[in-house]
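Contents: one structure, followed by commentary.
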Amino acid sequence: MPKIELIQGDCLEKMKAIPDKSIDMVLTSPPYDNLRTYNGNLEWGEHIWKPVIQELFRVVKDGGVVVWVVGDATIKGSETGTSFKQALYFKEVGFNLHDTMIWRKTNPVPQFVTIKRYTNDFEYMFIFSKNQPSTFNVLETKSKTAGKKINRNTHSAFASESADRPRDIVTTTKETKRLTNTWDIGVGSRNKDHPAIFPEKLAHDHIISWSNEGDIILDPFAGSGTVGKMAKQLNRNCILIEKVSEYCKIAEKRINENL
């Protein structure tokens, strides 16, 4: 049975108790750009996210991965660009920017007709690693051309053919193909108890991709506990840190119901 540890408190304080290089994977979505008040408990800015990133570098193992799901507010007609500042700071403290992935929401909130912008339907999913990731379990999807035979006119150097003579080679498309780094996933459910429940499929697919059974996953902004719930389902250990006591109760209930 995996161990799921739920800690109430400020993540900057609570992470100090986590040993150096003990975390295999971090999966989190920070409360970026004051887009949600989180019951008035939100304090966010460079003075918070910089030391958080520093602590993540300390606790993550060599070969470990941080999945940082984030977006930007638009203020006075201009996006803040905070997500890019954070990505550059991750690199500054020593992480590699392994991949810039996109979470494309299949059910985005429609844009107001008075705003001169297209509807925003995505967030960034930055994948940071300490050195090269030690784990990558490839997720695949069914190929649209599965089983299709394709003639490829290429050069072959078979003994019975001249090296510069064209030869038709018939190949059959594989049944599956590797996912792209743009994931189409619906927004998590919204309710009066929590304004932004993290999508379970998003957490599930990242946990599968970047960790193995028995690994330790950290979510320093645990919210309603989706990462812990999916970690338990997938037989990973997990440390959840959440400041708001009401959200801790929601997370505890969701994790305990997942038996």
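The values are calculated or read from the model by the stated rules, or taken from the named source; none is laboratory data. These numbers were taken from a predicted model, which means no experiment stands behind them. All Cβ positions, glycine included, derive from the backbone under ideal geometry; neighbour counts span all protein chains shown.
Annotations
- Taken over the stretch 60-84, the criterion of being polar (S, T, N, Q) and without any contact (Cβ under 8 Å) to a residue 24 or more places away in the chain is satisfied by Ser78 alone.
- Residue match in the stretch 110-122 (condition: surrounded by 17 or more Cβ atoms within 10 Å (Cβ to Cβ) and in a strand (DSSP E or B)): no
- Scanning the stretch 239-259 for residues that are in contact with a Lys or Arg (Cβ under 6 Å, 6 or more places away or on another chain) and outside any helix (DSSP H, G or I) yields a total of 2.
- Verdict on Tyr38 being more than 25 Å from Thr100 (Cβ to Cβ), at pLDDT below 90 and out of contact with any Leu (no Cβ under 9 Å at 6 or more places or on another chain): yes
- Some residue of the stretch 211-221 being at pLDDT 95 or above, assigned to a helix (DSSP H, G or I) and buried (at least 24 other Cβ atoms within 10 Å of the Cβ): no
- Residues that are modelled with pLDDT of 95 or more and part of a loop (DSSP other than H, G, I, E, B) occur in the stretch 84-102; there is at least one.
- Close Cβ contacts (under 7 Å, 6 or more residues apart or on different chains) running from residues in the stretch 98-109 that are closer than 28 Å to Ser129 by Cβ and free of Cβ contacts under 8 Å to residues at least 12 places away in the same chain to residues that are of a type in the set (Lys, Arg) and buried (at least 18 other Cβ atoms within 10 Å of the Cβ) are absent.
- Residues that are in a helix (DSSP H, G or I) and either closer than 27 Å to Ile18 by Cα or modelled with pLDDT under 70 (or both) occur at least once in the stretch 191-200.
- Filter result for the condition that a residue is outside any loop (DSSP other than H, G, I, E, B) and at pLDDT below 95, over Asp33, Asp72: Asp33
- For the stretch 48-69, the candidate set comprises residues that are touching a helix residue (DSSP H, G or I) at 6+ places or on another chain (Cβ under 9 Å) and not in a helix (DSSP H, G or I); within that set, the residue that is farthest from Gly223 (Cα to Cα) is Gly64.
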